[in-house]
Amino acid sequence: MKKILVPIDFSKPSEYASKLASTIAKKANSEVHLLHMVELPTGFVDMGSGTNFSIPESMLYIRKVRDRMLDYKKQFFPKNNNIKHAIRFQSPYDGIQDYSKKNGTDLIIMGAKGHTNLEEILIGSNTEKIVRNSDIPVIVTKKNGDHFIPKDLVFASSFKPDKTQAFERFLEFAENFDSKIHLLKVNTPQKFENTQETNKRIKKFIEKYDLKNYTINVYNDSSIEKGILNFSNKINADIIALATHGRSGLAHIFNGSITKHLSKKSIKPMLTFKV
């Protein structure tokens, strides 16, 4: 995690992401890049040719954004030494993707919108699009990261061979912290597997890794989504990590039909890896 990218729009979710990034960066000695996107109107080509957005007004706006970025760095990263910032005139999704690739980003941390329950996270938002399509690991948070201490990390998986790369990237993240790793396989009525078979597969999956502080867990629930969230809430996990499959992404987890009873405190930061 040499380079962490935090897209910001000065909203509360951005503040949550920034606080989380500050904590992680201090622990991992990472360089943090703050990125603010200015999305131009459709059809906008030239600031000075017949548009309502003149060059002097543009320069004044950029200076104001720059000053706000500098104040933002002082407010949320007072104890971080290596903080950079950039302003790009691009759509949020394209800008985040392009910047992360060009700058060799190792981790993206983003805030998610919503108020109380999971159904209020906006599917189709820039955050969810990044999660679905980014080849770089993404942490999504919608809670205050002021006192974030990653003591308990959940890695939820089927533990099939195609999840190996995601697990190895997860271990790269986890090794920065003295955390306990909870390996989780959720059983559902539709895809039931006995505990003995599951334990055997998980042990085979991790046998080549030198894991010390970990648990193996088989959790029964009515759906995989509920199982992941309910188990993580039960042990008060600090992060939920899982692999995503491109377009399917986390849409099925952020669906309004599940876990409406979970309170805001139950929503954990999610670390995702595209496979």
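For the listed residue pairs Lys19/Lys129; Lys19/Lys268; Lys27/Lys204; Lys2/Lys79; Lys142/Lys226; Lys27/Lys185, the alpha carbons are over 20 angstrom apart in Lys19/Lys129; Lys27/Lys204; Lys27/Lys185. Report note on the peptides 187-195, 97-105: ranked by the mean count of other C-beta atoms within 10 Å, highest first, their order is 97-105, 187-195. Amide hydrogen proximity for Lys84: with H placed 1.01 Å from N in the peptide plane, the residues at 5 or more positions away or on another chain lying under 5 Å are Val32, His33, Leu34.
Each reported figure results from applying straightforward, stated rules to the coordinates on display, with no laboratory input. Please read all numbers here as calculations on a predicted model, not as lab measurements. When we count neighbours, we look across all protein chains shown, and the Cβ atoms used for this are built from the backbone with ideal geometry, even at glycine.
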